[in-house]
Amino acid sequence: MTQPGVYQYEYARVPAAPVLALGAAGGVPGSLGVVQGDGQIPYMPDALKVKQENAANWIDRDPELKCYLPGIPRAMYMPYPFAIAQGTDKIQMTFAFSNAARVIHMNKVEPPPDDTYMGHSVGRWEGDTLVVDVTHFNGKNWFDRAGNYHSDALHLVERFTPMNADTIRYDVTIEDPKVFSRTWTISMPLYRRLEQNATVLDYNCIEFAEEFMYGNLRKEQLVKHWEGETMIVDITRKIPPGDKLHEWYRR
């Protein structure tokens, strides 16, 4: 979330008021991007407006800030470790963020009883490449912190291809006829953690999100005032009226 700075250029924006006190921790470093082809996500016109609204209202809307399950493919490239355990007919992935997990079914299974944040994954082998078909999303996840999103019609085809003993190339074809005008693809390497004692530790992020999520419902406000060396922040909580309160939690 940013606002115009001293220089009125789109590339010279500064953090907006809600994240000023975070300094550099409130930013996300630039990268070369992982969208293949021209690097553009092919939104349909109405969906692009929603994406832009998401970006402008990032703090209120991003499911990551609320510690919701990150979904796929976002869980695969968040800056937290995950572990892969391969069984005879299942592959289990355990993620640090929000205690998330997914099961890739390598055998024939019935569809799930309901749509979920993490979707339903069914895999197969094509040589050394693990190909995973993922469906049955509830449509409440984002792809990133920039407001890129999908609907409950999301369909993914993931490809996990070994590059060497410690690296997997991760390719995902993304289809969502409610949001995108065509299929598109992302690609990136996934690197093995090489520490001798590498493990996945729980990141119980709900403890950090509690005040953000439920502070407006407390009888007594927990934090009203904060002072730093160069900044004073006064906090006034509010409860969204009517159905807006419910909508804020279910985004």
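The values are calculated or read from the model by the stated rules, or taken from the named source; none is laboratory data. As the structure is a computational prediction, the values presented were derived from the model and not from experiment. A quick note on method: Cβ atoms are made from the backbone with ideal geometry, for glycine too, and the neighbour counts reach across all protein chains shown.
Could you please find all residues in the range 92-122 being closer than 17 Å to L154 by Cβ and assigned to a strand (DSSP E or B)?
R102, I104, T116, H120, S121, V122
I'd like the full set of residues that are farther than 19 Å from Q86 by Cα and either without any contact (Cβ under 8 Å) to a residue 40 or more places away in the chain or surrounded by fewer than 16 Cβ atoms within 10 Å (Cβ to Cβ) (or both), limited to the range 117-141.
T135, H136, N138, G139 - these are the residues of the range 117-141 that are farther than 19 Å from Q86 by Cα and either without any contact (Cβ under 8 Å) to a residue 40 or more places away in the chain or surrounded by fewer than 16 Cβ atoms within 10 Å (Cβ to Cβ) (or both).
Is there any pair linking a residue in the range 84-99 that is of a type in the set (D, E) to one that is assigned to a loop (DSSP other than H, G, I, E, B), with Cβ under 7 Å and at least six apart or on different chains, and which?
As it stands, the answer is D89/M106; D89/N107, since those pairs meet every condition given.
Counting only residues that are more than 30 Å from D171 (Cβ to Cβ) and exposed (fewer than 10 other Cβ atoms within 10 Å of the Cβ), how many does the range 200-222 have?
The number of residues fulfilling the criteria is 4.
For the range 180-199, what are the residues that are surrounded by 16 or more Cβ atoms within 10 Å (Cβ to Cβ) and more than 17 Å from the chain's Cα centre (by Cα)?
Of everything in the range 180-199, those that are surrounded by 16 or more Cβ atoms within 10 Å (Cβ to Cβ) and more than 17 Å from the chain's Cα centre (by Cα) turn out to be F180, W184.
Condition test on V131, is it β-branched (V, I, T) and part of a loop (DSSP other than H, G, I, E, B)?
no
When you go through (1) in contact with a Phe, Trp or Tyr (Cβ under 6 Å, 6 or more places away or on another chain); (2) at pLDDT 95 or above one by one for Y80, which number turns out not to apply?
Of (1) in contact with a Phe, Trp or Tyr (Cβ under 6 Å, 6 or more places away or on another chain); (2) at pLDDT 95 or above, only one is false for Y80: (2).
Give the range 174-209 a look and list any residue that's of a type in the set (K, R) and in contact (Cβ under 8 Å) with a residue 40 or more places away in the chain, or say none.
K178, R182, R193
For the range 134-152, name all the residues that are part of a loop (DSSP other than H, G, I, E, B) and either polar (S, T, N, Q) or more than 30 Å from K49 (Cβ to Cβ) (or both).
Answer for the range 134-152, where residues must be part of a loop (DSSP other than H, G, I, E, B) and either polar (S, T, N, Q) or more than 30 Å from K49 (Cβ to Cβ) (or both): N138, N141, N148, S151.
Could you please find all residues in the range 1-52 being modelled with pLDDT under 70 and in contact with a Phe, Trp or Tyr (Cβ under 7 Å, 6 or more places away or on another chain)?
Passing the criteria: only M1.
Give the range 227-251 a look and list any residue that's part of a helix (DSSP H, G or I) and not hydrophobic (A, V, I, L, M, F, W, C), or say none.
Scanning the range 227-251 gives D243, K244, H246, E247, Y249, R250.
Please enumerate the residues belonging to the range 57-83 that are in a helix (DSSP H, G or I), among the aliphatic types (A, V, I, L, M) and touching a residue at least 60 places away in the same chain (Cβ under 8 Å).
L65, M76 - these are the residues of the range 57-83 that are in a helix (DSSP H, G or I), among the aliphatic types (A, V, I, L, M) and touching a residue at least 60 places away in the same chain (Cβ under 8 Å).
Anything in the range 207-251 that is of a type in the set (S, T, Y), more than 22 Å from the chain's Cα centre (by Cα) and under 22 Å from D62 (Cα atoms)? List them, or say none.
Within the range 207-251, just T236 meets the criteria.
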